[in-house]
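Asks: Questions regarding the structure given below will be posed in turn.
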Amino acid sequence: MTIYYTDGSASPNPGPGGFAVIRNLQPWILGSEDGETTNIRMEGKALIAALQDADGAPCVIYTDSEFWINVVTKWAPGWEKRGWTKKGGEIKNLDIVQELYELYSNSQAELRWVRGHEGDEGNELADEWANRARLGERI
């Protein structure tokens, strides 16, 4: 089974950003955005890239973003039922929310949370390469 680690970076936040997908402990996909983006958007884009790469095959995706795990497993189903609205206002990053939820809903992926910056090899690689991507490095 394929194992992914994902991470996103923006510095300053908001500012230029990058994301990384590590597949089986190897840098696999990097992406970046110039201008104003956020680490939250970059984390979401990394998860999207991993799900696209998996293409429906069973996989495990590790992320240090509890936010995005909650979005796709807890909150998005209700938002979708309410026409992509939520109590209390707009859904931020709706473009990423919808794309990520669609991909996840049609996948065999298991999302797992990993505590960031605690020495997990895959998470540390994802963090390093997300920062490299933000600075313009490519694989």
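We did not get these values from a lab; they are worked out from the coordinates using the rules stated. Since we're looking at a predicted model, the values are computed, not measured. Virtual Cβ from ideal backbone geometry, glycine too; neighbours counted across all protein chains shown.
Asks: Every residue in the range 32-49 that is over 11 Å from the mean Cα position of the chain (by Cα) and either among the basic types (K, R) or surrounded by fewer than 21 Cβ atoms within 10 Å (Cβ to Cβ) (or both), please.
Replies: Answer for the range 32-49, where residues must be over 11 Å from the mean Cα position of the chain (by Cα) and either among the basic types (K, R) or surrounded by fewer than 21 Cβ atoms within 10 Å (Cβ to Cβ) (or both): E33, D34, G35, E36, T38.
Asks: So G116 fits all but one of (1) touching a helix residue (DSSP H, G or I) at 6+ places or on another chain (Cβ under 8 Å); (2) in a helix (DSSP H, G or I); what number is the exception?
Replies: (2)
Asks: Also, I was wondering about something else. Does N70 count as under 17 Å from the mean Cα position of the chain (by Cα), buried (at least 21 other Cβ atoms within 10 Å of the Cβ) and over 14 Å from N123 (Cβ atoms)?
Replies: Values: under 17 Å from the mean Cα position of the chain (by Cα): yes; buried (at least 21 other Cβ atoms within 10 Å of the Cβ): no; over 14 Å from N123 (Cβ atoms): yes.
Taking the combined requirement at face value, the residue does not satisfy it.
Asks: Among the residues of the range 48-73, write down those that are under 24 Å from S9 (Cα atoms) and among the charged types (D, E, K, R).
Replies: Of everything in the range 48-73, those that are under 24 Å from S9 (Cα atoms) and among the charged types (D, E, K, R) turn out to be D53, D64, E66.
Asks: Has the range 79-89 got at least one residue that is closer than 19 Å to R41 by Cα, surrounded by 12 or more Cβ atoms within 10 Å (Cβ to Cβ), in contact (Cβ under 8 Å) with a residue 12 or more places away in the chain and not aromatic (F, W, Y)?
Replies: No: the range 79-89 contains no residue that is closer than 19 Å to R41 by Cα, surrounded by 12 or more Cβ atoms within 10 Å (Cβ to Cβ), in contact (Cβ under 8 Å) with a residue 12 or more places away in the chain and not aromatic (F, W, Y).
Asks: On to the next question. Considering only the range 101-123, how many residues are surrounded by fewer than 20 Cβ atoms within 10 Å (Cβ to Cβ), farther than 17 Å from K74 by Cα and under 15 Å from the mean Cα position of the chain (by Cα)?
Replies: 4
Asks: Same structure, new question: Considering (1) closer than 10 Å to A130 by Cβ; (2) within 12 Å of the chain's Cα centre (by Cα); (3) surrounded by fewer than 24 Cβ atoms within 10 Å (Cβ to Cβ), say which one T6 fails and leave the rest.
Replies: Going through the list (1) closer than 10 Å to A130 by Cβ; (2) within 12 Å of the chain's Cα centre (by Cα); (3) surrounded by fewer than 24 Cβ atoms within 10 Å (Cβ to Cβ), T6 breaks only (3).
Asks: Does the range 68-81 contain any residue that is of a type in the set (D, E) and closer than 15 Å to E102 by Cβ?
Replies: Among the residues of the range 68-81, at least one is of a type in the set (D, E) and closer than 15 Å to E102 by Cβ, which makes the answer yes.
Asks: If you check V72, V21, V97, which single one turns out to be under 26 Å from E137 (Cβ atoms), touching a residue at least 12 places away in the same chain (Cβ under 8 Å) and of a type in the set (V, I, T)? Before the answer, list the steps.
Replies: On the way: V72 fails: under 26 Å from E137 (Cβ atoms); V97 fails: under 26 Å from E137 (Cβ atoms).
The unique qualifying residue is V21.
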